[in-house]
Each structure stands twice: as C-alpha cells, then as structure tokens.
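Notes to accompany the following structure.
The values are calculated or read from the model by the stated rules, or taken from the named source; none is laboratory data. Worth saying up front: this structure is predicted, and the values here are computed from it rather than measured. All Cβ positions, even for glycine, are placed from backbone atoms using ideal geometry, and neighbour counts span all protein chains on display.
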Amino acid sequence: MFSDRPDGNHAKPPPGLYLIATPLGNLGDISARAVRLLGSLDLLACEDTRTTRRLCAALGIAAPKLVRYDDHADEAARAQLVAAIRAGQAVGLVCDAGTPLIADPGYRLVRAVRAAGLPVTALPGPAAAITALILSGLPSDRFLFAGFTPRGGGARRSWLAEIKAIKATLVIYESPHRLVDSLADMAAIFGPREAAVARELTKTFEEVRTGTLAELAAHYAEAGAPKGEIVVVIGPPGEGAAAASDEAPPDVEALLRDALAASSLRDAVASVARATGLPRREVYRRALALGAKG
Ligand code: SAM
C-alpha cells in the first residue's frame, strides 16, 4: 500500500512522487497532511524555489532540498527525479499556488514516474478552477476546465468558437490585462450566456461578479482591467433565464442605456462596441437613435 502515514506519524514517507496542493492565497488552506509531508520529504520539485522556500518558512517548516522543475525541462531533469524515487527517495511536487498539473507543470513528470512503474500519489487541496466553479452559482454537474485563453485576438476567437457548443459550464483562466478584450469576444461569440468573473479567490479582496457575458464585458470595459488573478466561468448553452435563446443577439440598446447613464457618449459607444463585437459606427448610430447627443 502507498501511504504517507496520514495518522500523524512523522516517520519518513515511502519512496514515490507526491503531488501536493498549496494555498491559492490563504495560508490556512494548506492541509495538515501537506504540512506533515513537506517537513519529511527527501526532495521537493517546484516551479520557483524562492516561492516554495517562503511557503515553507511561513508554515514553520525547514524546507527540504528544493529543485526547480517545469515540464519543458529536458528529459534528463525528469530522469533524475525518477532515479531519485527509484533510489528510495520521497519526492514532492508543488507549483507556486494551487494544484500542480492544473495549468501548471507536472503532467510529463507523472507520466514518466508511472511509466517507470513507481508510485504516485496526491495530497489534494486548493485549485482556482474548482473554487471559482462552486462560487459561481452556475451548473456544477458538468463542466469543462479549458485552461488559459490563447494569447492574441484571432487565436482566442477561434478557440472560443471551438468550445462554444460544448454542453457544460466552462471554466477558463484569464490574465487581468486581457480580461476586457476576452469578455468582449466571449459576449460576441457565445451570446447571452450567464457567467461569473471570480477574482482574488481566498484572498482579502475575493470577489465574484455575475451577469451575462455582455453585462460583464460592459462592466469591465467601463471599470478597466481589474487587479489580481482571475477565473471566468460561463454557464452552458441554453441554461438559465438569460440564455433562453443561445443564439439571440445581445440587447445592444439596453447595454447602451446603462453605459450612457454612467459615462460619456464616446466612452459608452466604445464599451458597448467592445462588449458586443459590433462596429463602433453601428453602436454610435444606435446611441443617436436612443436620443444621445452627438
Ligand atoms: N495550479 C493553479 C490552480 O490549481 O488553480 C493554477 C495556476 S495558473 C499558472 C494561474 C492562474 O490560476 C491565474 O492566472 C488565475 O487564472 C488562476 N488563479 C490562481 N490563483 C487564483 C486566485 N486566488 N483567484 C483567482 N484565480 C486564481
């Protein structure tokens, strides 16, 4: 049996690869089992040795021997970790925050250790995707974790078009400075689906903002790129009142009225054009038709 003695015994853990989740921001989210194990490993592979050393210090643990690892490391680096396990060592893997392998390194290492017939186990814990999903109020029975959106508008739009029809809640990692453009593309491509933007999870300024994609796009176009780390959760096609017709176009006039109430004509047109993907000229024409003064 492969066990790292969850009974609290501090004996040296058996050889193997231990995938250890660490907090997303709130130190209190580390598991008791992870603390115990971190203090007794022979070797700990990590993304950034400074970050992991800081984590160990904050937990009051003397850091084990640390080695930097990412999946793009050459085969030799992986082979060394496999050899260490074969030689009887307990080797941990952590990422900077959250669960290793989830938009973070480790997949190739797990394959290599498994292929060598050596044990792999996990100490599960925080993952931003799951935390955002369960906070979003969107269906959690069936979901797709799609990772990060590709960089670049064209690549992102084709990627969104590819996953649009999947009948599941979509969970997407996004960087704050791309959020405004990304939400505008999502609103234009997915139509009026319910969504949530989850930010700074488990931290002091944790926030989960919900609405249709167009509403969220208009909000962030207006408010600007938020600070912190972000997960976007999008409800499945055809779910919920807001998405009664998945193909219905966004309500441009309603968006314009909201935006005009909060900002100048120029800014309102810019934010609604961004949110809906419509040309600015067309949005401007509709704003004038609503009575806005040019
Ligand atoms: N392995 C991590 C996990 O288990 O979630 C994900 C690492 S990935 C390199 C970093 C991305 O995860 C961020 O850009 C953000 O999308 C998401 N993320 C990480 N921590 C977060 C937090 N506290 N709040 C919101 N999103 C977070």
Quiz item: Say we look at region 166-193 and pick out the residues that are part of a loop (DSSP other than H, G, I, E, B) and over 25 Å from Leu255 (Cα atoms); which of these is nearest to the chain's Cα centre (by Cα)?
Solution: Ala168
Quiz item: With (1) crowded, with 24+ Cβ neighbours inside 10 Å; (2) within 11 Å of the ligand (Cβ to nearest atom); (3) of a type outside the set (Asp, Glu) as the list, and Ala218 as the residue in question, which single condition is left unmet?
Solution: (2)
Exercise. Considering every residue within region 193-209, establish whether at least one is over 29 Å from Asp74 (Cβ atoms), at pLDDT below 95 and either in the same structural domain as Lys227 (by TED's automatic domain parsing) or surrounded by fewer than 17 Cβ atoms within 10 Å (Cβ to Cβ) (or both).
Key: no
Quiz item: Residues Ala34, Ala57, Ala83, Ala62: which one is part of a helix (DSSP H, G or I), of a type outside the set (Val, Ile, Thr) and touching a residue at least 12 places away in the same chain (Cβ under 8 Å)?
Solution: Ala34
Quiz prompt | Residue selected from region 86-98 under the condition closer than 20 Å to Lys65 by Cα and either within 16 Å of the ligand (Cβ to nearest atom) or crowded, with 22+ Cβ neighbours inside 10 Å (or both), by the criterion nearest to the chain's Cα centre (by Cα) | solution = Ala97
